[in-house]
1. So who's got an amide H within less than 5 Å of the one on Q338, skipping anything under 5 residues away but keeping other chains? H placed 1.01 Å off N, in plane.
2. Taking N as the number of residues in the range 525-568, what is its Cα Rg relative to 2.2 N^0.38 Å?
3. Probe radius 1.4 Å, ligands and nucleic acids left out: which of V246, V632, V189 has the largest accessible area, and how do the rest follow?
4. Just by accessible area at a 1.4 angstrom probe, what is the order of R351, R212, R704, R790 from largest to smallest?
5. When the Kirkwood radius is taken over all Cα pairs of the chain, what Stokes-Einstein diffusion coefficient follows at 37 °C and 0.692 mPa s, in µm²/s?
6. Mind checking the per residue accessible area of the range 249-305 for me, 1.4 Å probe, whole number of Å²?
7. On a straight-distance basis, which lysines could pair with K5 in a cross-link, Cα separation under 24 angstrom, same-chain partners fewer than 8 positions away excluded?
8. Heads up, I need the accessible area for V169: 1.4 angstrom probe, whole protein in place, Å², nearest 10.
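The values are calculated or read from the model by the stated rules, or taken from the named source; none is laboratory data. Model, not experiment: these values are computed from the prediction. Don't worry about glycine lacking a Cβ; one is built from the backbone with ideal geometry, like all the others, and counts go over all protein chains shown. These accessible areas exclude ligands, DNA and RNA; they are computed on the full protein's heavy atoms, side chains included. Shrake-Rupley method; radii C 1.70, N 1.55, O 1.52, S 1.80 Å.
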Amino acid sequence: MASHKYVYEFTEGSRQMRELLGGKGAGIAEMTSILGGDRVPAGFTITTEACVAYMKRDRRYPDGLQEQIDAALGILEQRVGRELGDEQDPLLVSVRSGARESMPGMLDTVLNLGLSDRSVEGLARATGNEWFAYDSYRRLVQMFANVVRGVPEERLQAAIEDVKAARGVRLDTELSADDLRELVVRFKVLLEESTGEPFPQDPRAQLDAAVRAVFDSWRGDRAATYRRLNRIPDDWGTAVNVQQMVFGNKGNSSGSGVAFSRDEITGAPEPSGDFLINAQGEDVVSGVRNTKDIAELAELMPAVHADLMDILRTLERHYRDMQDTEFTVEDGRLFMLQTRNAKRPAQAALRFACDAVDEKLLSEAEALLTLDPAALEGLLHPTFDPAVQYSVLTHGVPASPGAAQGAVVFTAPDAVAAAELGRAVVLVRPFTEAEDVAGFHAAAGILTSEGGKASHAALVARGMGRPCVVGASELDVDLEARQIRVGDTVVREGEHLGIDGTTGAVTTDEVPVAAPEMSDAFRRVLGWADKHRRLDVHANADTPDDARTARRFGANGIGLCRTEHMFMASDRVPKMRAMILASTVEGRRAALDELLPLQQGDFEGLFEVMAGRPVTVRLLDPPLHEFLPSRVELSVELAQARHDAPHEVPALERLLERVTALEETNPMLGTRGCRLGILHPEIYEMQVRAIARAARAVRERTGRAPELEVMIPLVNYEAELEVVRRLVDRVAGEEGLQSGVDYRVGTMIELPRACLLADRIAHHADFFSFGTNDLTQTGLGFSRDDIEGRILGRYIDVGILDRSPFETIDVPGIGQLLRMGAWLGRTTRRDLTLGVCGEHGGDPESIAFFHRSGIDYVSCSPYRVPVARVAAAQAAIREPVHWG
């Protein structure tokens with residue numbers, strides 16, 4: 001039986017075979033078809049399947065692979081009329097990686113493979129260029145030593161610098177052929193000293209070692225980190241491309257470069273790129289020589305430049321996207337080595353999308369599909385001026401985009417106090433908790449040494465649009481000394497600090513900040529998105545400012561107003577604590593009476609901004625302990641008071657007694673959500689009364705009230721919803737509001753049992769809003785804050801997870817619970833409105849799943865609304881028919 005096919009000639013492939021041939025192999029194959037073999041050097045691709053099989057077989061080739069490589073090499077040798085390693089006129093090849101998705105600089109490459117001590121002399125004779133032959137040989141030995149055998153590049157580069165210094169020259173190209181011979185010898189010695197193995201003279205052994213090195217590089221640390229950051233699965237593997245070498249280092253009529261069909265920074269329709277005369281491709285990207293702008297090629301090699309411009313236009317028309325190419329000029333003849341869709345910043349992506357539609361290259365729907373929705377969010381926040389360089393103190397996880405800088409503070413109250421004085425501050429904590437929310441409002445940015453993208457700090461910062469960097473593990477935060485340390489650098493309270501929530505950089509430099517501005521191109525693209533999307537996009541907003549931001553970014557309504565955030569202000573926490581610590585219902589009601597007008601005022605401000613639009617208000621959800629001091633801190637304060645302030649002891653003892661009585665082993669699964677409203681109905685009565693009065697007041701003032709929805713959190717049993725709904729309808733009726741006319745009542749589905757019994761719960765609900773943050777926690781048994789710091793990284797390292805389930809929804813598990821809840825709910829009520837208000841509501845991949853699942857709207861932080869609009873449109877374009 002014939003063995004599995006692992007090797008494809010370039011003439012056999014196409015861009016439709018990307019998963020098998022990798023992005024580079026598929027691109028070379030397609031380009032061979034478009035431009036012809038005289039433009040694209042010949043070769044073959046070893047598939048990603050071969051890499052996967054190699055890894056599964058503990059670094060052994062799968063059956064038949066070696067024979068297929070030998071056969072493909074034989075065909076290549078026949079095609080070009082030269083043999084690998086021939087001592088008279090050798091064929092040389094490059095060996096390059098090529099993952100399914102582009103991973104620039106993460107995987108390995110070996111050039112000039114096939115040279116030996118004897119064949120290099122043949123190459124020198126055949127070309128009449130001894131310098132070129134030995135330059136190619138020293139490059140091979142250098143790359144082989146570094147890429148294949150792991151000799152540090154610094155040691156190899158140091159040898160080059162030594163020889164240049166001894167000869168008094170600055171550039172590699174100024175070395176003589178004899179100097180290059182000397183470098184070959186030095187590199188061989190370094191290789192054997194470092195590994196105990198000599199440089200192999202057999203070209204077949206070189207090829208085998210290079211292929212294995214590319215396969216092995218897939219598992220390297222840098223590639224693994226890149227995959228984790230860019231959500232590339234570990235089990236994809238990389239292809240290997242073996243291609244006939246063409247030489248840009250044969251003199252002043254040769255060169256190498258990269259060229260983009262449009263400006264890769266701005267998206268403008270003029271080609272851009274860099275090149276070097278008398279150089280190989282690695283010289284262009286490594287930075288060892290200063291490159292020339294591609295426009296200068298027109299002066300130095302006008303025919304080559306014209307040819308290249310024509311090819312760029314051809315490739316862009318064929319691929320219907322910006323192209324990023326690599327080329328080599330050998331003795332005045334242009335060869336194309338690679339093409340791929342160009343990575344570009346968000347602003348350039350928007351420019352290209354609009355220009356492509358105007359040029360009739362793409363339709364609006366096709367142009368939308370060229371965008372990365374997640375990248376667009378960065379355009380809505382202030383950024384460090386890209387023209388200014390600054391020193392980076394450390395890096396953390398970029399958790400909420402935008403740049404912020406100011407004086408360092410270590411507590412939320414200090415942040416609030418500084419903001420009241422008009423001072424910009426960065427709140428620095430090891431991690432944040434619910435009581436720090438007031439500090440989030442006050443601070444320009446937030447920095448933590450612990451946590452990840454789904455930590456409390458990240459979620460709250462994104463919700464408020466505050467720049468945030470989390471998990472900066474090199475940061476030693478000393479709260480007692482009020483200072484942070486990174487290595488020998490100490491930053492004290494009040495000293496300057498800057499963070500970039502888009503890149504994760506932390507700096508002590510003062511960097512100019514560029515204000516965000518939504519461009520005409522951005523607005524135009526969002527207009528296209530709104531024409532195509534089926535999902536409504538709402539925002540999570542708790543204040544009038546949040547609501548105005550949401551409206552500015554195109555939100556259809558508010559899908560989640562978290563009323564607990566309204567109680568976190570410094571003037572309200574004492575009133576909240578008084579209510580919690582009251583020992584009688586009457587005492588609680590008295591404290592609530594003080595909170596009622598404040599809560600009503602909050603709602604009036606929100607409702608005025610959103611008049612005529614849906615506003616979903618969630619009744620108090622978090623456990624009451626979040627409004628109280630910790631028992632440990634209180635015990636310390638009491639001990640100090642006994643020594644320093646005896647008159648405070650009785651009050652502190654009563655407070656400690658009450659805090660201890662309210663303490664729960666796992667408060668996030670205890671007295672919270674609707675359980676709180678059932679145990680203490682007076683709390684929910686106050687909130688409903690404030691909501692109803694605010695809606696009535698806004699209608700009287702403006703003539704329009706919002707489309708009001710009251711959401712009851714953490715329902716597990718249908719009877720819970722029934723009990724609390726009766727309370728809502730009773731109090732709203734007392735205030736003159738009519739259910740079904742002036743407001744609707746629904747529930748947040750955030751527990752697995754609620755999904756499984758959603759048909760029963762739907763009897764008492766006008767809408768469901770899936771709280772996917774808590775549904776993920778309860779469905780997976782993961783504590784969001786704890787897993788980020790302790791478990792998630794290890795789970796990704798060993799392949800249990802490929803990303804955080806708090807960033808992108810766990811489709812096979814939590815996703816199916818959501819689908820079941822949606823389906824069951826609509827078996828009871830066909831008109832049941834279905835929404836998602838967890839963090840996943842702003843994640844493009846999750847949005848695509850919600851579209852397929854028949855959800856009516858997603859709700860996300862205001863700054864992610866444009867992201868969600870584009871992602872929802874892309875989902876509708878890719879899958880017009882949705883599950884229902």
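1. Result for Q338 returns E326.
2. Here the answer is 1.34, to two decimals.
3. Ranked list, largest accessible area first: V632, V189, V246.
4. R790, R704, R351, R212
5. In µm²/s, the coefficient is 107.
6. 43
7. Within the straight-line limit of under 24 Å, K5 reaches these lysines: K24, K56.
8. 40
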